[in-house]
Amino acid sequence: MAGATRPQRPLSPHVQVWRWHVTMLTSILHRVTGVALYGAALGLALWLMAAAAGAEVFGPTHEFLLSPIGQVALYLIVAAVAYHLANGIRHLVFDSGAGLQPADASTSAWFAIFFAIAAPIGLWALVTFGG
């Protein structure tokens with residue numbers, strides 16, 4: 001069809017076409033937390049090197065972790081670990097063929113998100129008030 005014009009439309013669906021839902025959010029969060037955990041692993045390695053280097057190097061590192069920014073960073077690291085764990089287990093269940101119905105997938109997605117929020121709080125309570 002020489003000379004025919006094609007309609008101006010996107011070649012593939014994009015974010016503006018899809019209606020957002022929680023399972024889309026969990027997919028994005030899983031990737032983001034995976035990347036963040038690589039950064040946290042590097043931070044852990046630096047923390048261990050500072051501890052091995054002696055008190056003069058470890059002191060500022062320890063003070064940073066006790067500062068409000070350090071505490072927020074630690075909360076986010078624990079939240080990322082908790083979320084990545086919960087979502088990974090969720091996908092293992094999916095691999096067995098269970099939980100693939102949209103309602104089940106949404107419920108498990110919300111559970112993973114709420115677990116990521118609650119786990120750092122529970123860990124803090126355990127460390128602070130536990131024996």
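The values are calculated or read from the model by the stated rules, or taken from the named source; none is laboratory data. Quick caveat: nothing in here was measured; it's all calculated off a predicted structure. Cβ atoms come from the backbone with ideal geometry, glycine included; neighbour counts cover every protein chain shown.
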Tell me which residues, restricted to segment 15-27, are under 26 Å from residue 83 (Cβ atoms) and either β-branched (Val, Ile, Thr) or surrounded by 10 or more Cβ atoms within 10 Å (Cβ to Cβ) (or both). 15, 21, 22, 23, 24, 25, 26, 27
For segment 28-40, what are the residues that are of a type in the set (Gly, Ala, Ser), surrounded by fewer than 15 Cβ atoms within 10 Å (Cβ to Cβ) and within 15 Å of residue 82 (Cα to Cα)? 34
Is at least one residue of segment 96-107 at pLDDT 95 or above, within 24 Å of residue 35 (Cβ to Cβ) and of a type outside the set (A, V, I, L, M, F, W, C)? no
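Residue-by-condition table, conditions (1) closer than 28 Å to residue 122 by Cβ; (2) touching a helix residue (DSSP H, G or I) at 6+ places or on another chain (Cβ under 8 Å); (3) modelled with pLDDT of 95 or more:
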{"position": "7", "(1), (2), (3)": "no, no, no"}
{"position": "33", "(1), (2), (3)": "yes, yes, yes"}
{"position": "45", "(1), (2), (3)": "yes, no, yes"}
{"position": "78", "(1), (2), (3)": "yes, yes, yes"}
Selection from segment 33-71 of residues closer than 30 Å to residue 91 by Cα and in contact with a Phe, Trp or Tyr (Cβ under 9 Å, 6 or more places away or on another chain) yields 33
Scan segment 26-43 and report the pairs whose first residue is on the phi < 0 side of the Ramachandran plot and whose second residue is among the aromatic types (Phe, Trp, Tyr) and at pLDDT 95 or above, with Cβ atoms within less than 7 Å and a gap of 6+ or a chain change. 29/83; 33/83
Identify the single condition in (1) modelled with pLDDT under 95; (2) under 30 Å from residue 20 (Cβ atoms); (3) of a type in the set (Ser, Thr, Tyr) that residue 128 does not satisfy, given that it satisfies every other one. (2)
